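Structure first, commentary second.
The values are calculated or read from the model by the stated rules, or taken from the named source; none is laboratory data. The structure displayed is predicted, hence computed values, not measured ones. Here Cβ is always computed from backbone atoms with ideal geometry, including for glycine, and neighbour counts include all displayed protein chains.
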Amino acid sequence: MTKTGLTRRHVLASAAALPLAAATTGAARAAAPMMGVASTRFNRVKLGSFEVTTILAGTRTVPEPQNIFGMNVSAEAFAEASQAAHIPTDAAQFFFTPTLVNTGNELVLFDTGLNAEGTTAAIEQAGYTADQVDVVVITHMHGDHIGGLMAGDMPTFPNARYVTGSKEFDAWAAMDNDGFNTKVRPLAEQMTMLDEGGSVASGITAMAAFGHTPGHMTYMLESEGKQNDHARRGRQRRLGHHRHGRFRPHPRPHDLHAGKRRQTAPRRR
Ligand SMILES: [Zn+2]
């Protein structure tokens, strides 16, 4: 007998059984509930012996995206690029994704999202707890990176040490900034300041990426001869960079001088 014959006979047998099955299940089952829009809560990859987990700590819709992105192009060019990417021109969806790196010796959290609740919940969805975090690295001090450092008056990560860039710390310490005063200042005594090339832990190295903020740092991950892909490609896309829902999350340095000048001073985001 040919393969086709078998298949055909199978199909015929199934078809014969169908009306009864359909009648039974149709009567017993309600329509599946509508679930609403959803996103992946976390993603985990291996990098050498490291495990790297990005966690979705929150999202936010921001109006008038061209006040933030694509400032050096015309409204028409912005609309055209947005349309090609199937994203709206009147709003941008921001995704706040801190990153956890488990080196095997330490659990390192890069940035803390908008608030303690969202980030703690996201950490738990990825299988960890806030008190397992050994090191918190702050790449830069915008509100969506420092917001989860403190839960009210209490540190969100009770067992962690803290690391940040010295230039970034000094820049914000010199301003009268609410976020810095309530989230960073209470932990300042416990913070280690790094400069270019400074080490967070074995295999995690700071690299200067100034511009988005005065002292923004990104981090190179290296384990067993592997490096984070983004680090190899250039300074724009290493750890510590936002993942906003836009075609160009942040301007490259040369964009700062093109067209409408982008604000280089820290701004809340
Ligand atoms: Zn930022």
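Report, by residue number, each residue of segment 168-200 that is surrounded by 19 or more Cβ atoms within 10 Å (Cβ to Cβ) and either out of contact with any helix residue (DSSP H, G or I) (no Cβ under 6 Å at 6 or more places or on another chain) or not hydrophobic (A, V, I, L, M, F, W, C) (or both).
168, 169, 171, 177, 179, 183, 187, 194, 200
Scanning segment 113-126 for residues that are free of Cβ contacts under 8 Å to residues at least 60 places away in the same chain and not in a helix (DSSP H, G or I), which turns out surrounded by the most Cβ atoms within 10 Å (Cβ to Cβ)?
113
For segment 21-101, please list each of the strands (runs of 3 or more DSSP E) lying entirely inside it that holds at least 3 residues being free of Cβ contacts under 8 Å to residues at least 40 places away in the same chain and at negative phi. It would help to see each step written out before you state the result.
Details: elements: 42-47, 50-55, 58-63, 91-96.
Strands (runs of 3 or more DSSP E) meeting the threshold: 42-47, 58-63.
Does segment 147-174 hold any residues that are part of a loop (DSSP other than H, G, I, E, B) and closer than 17 Å to residue 111 by Cβ, and which are they?
Of all residues in segment 147-174, those part of a loop (DSSP other than H, G, I, E, B) come to 147-149, 152-153, 156-160, 174.
The answer is 147, 148, 149, 156, 157, 160.
Take segment 194-213 and flag every residue that is more than 16 Å from the ligand (Cβ to nearest atom) and outside any loop (DSSP other than H, G, I, E, B). Show your work before the answer.
Restricting attention to segment 194-213, the residues satisfying the condition of being more than 16 Å from the ligand (Cβ to nearest atom) are 194-207.
Result: 194, 199, 200, 201, 204, 205, 206, 207.
From (1) within 16 Å of the ligand (Cβ to nearest atom); (2) of a type in the set (Val, Ile, Thr); (3) over 15 Å from residue 193 (Cα atoms), pick out the condition that doesn't hold for residue 156.
(1)
Which pairs have Cβ atoms under 7 Å, sit 6 or more apart or on different chains, and link a residue in segment 214-227 that is under 16 Å from residue 202 (Cα atoms) and within 16 Å of the ligand (Cβ to nearest atom) to one that is part of a strand (DSSP E or B) and charged (D, E, K, R)?
No pair meets every condition.
Look at segment 56-84 and say how many of its residues are modelled with pLDDT under 95, under 21 Å from residue 40 (Cα atoms) and of a type in the set (A, V, I, L, M, F, W, C).
So the count comes out to 1.
Residue by residue through segment 214-242, note down the ones that are assigned to a strand (DSSP E or B) and either at pLDDT below 95 or not hydroxyl-bearing (Ser, Thr, Tyr) (or both).
Within segment 214-242, 217, 220, 221, 222, 226, 227, 239 meet the criteria.
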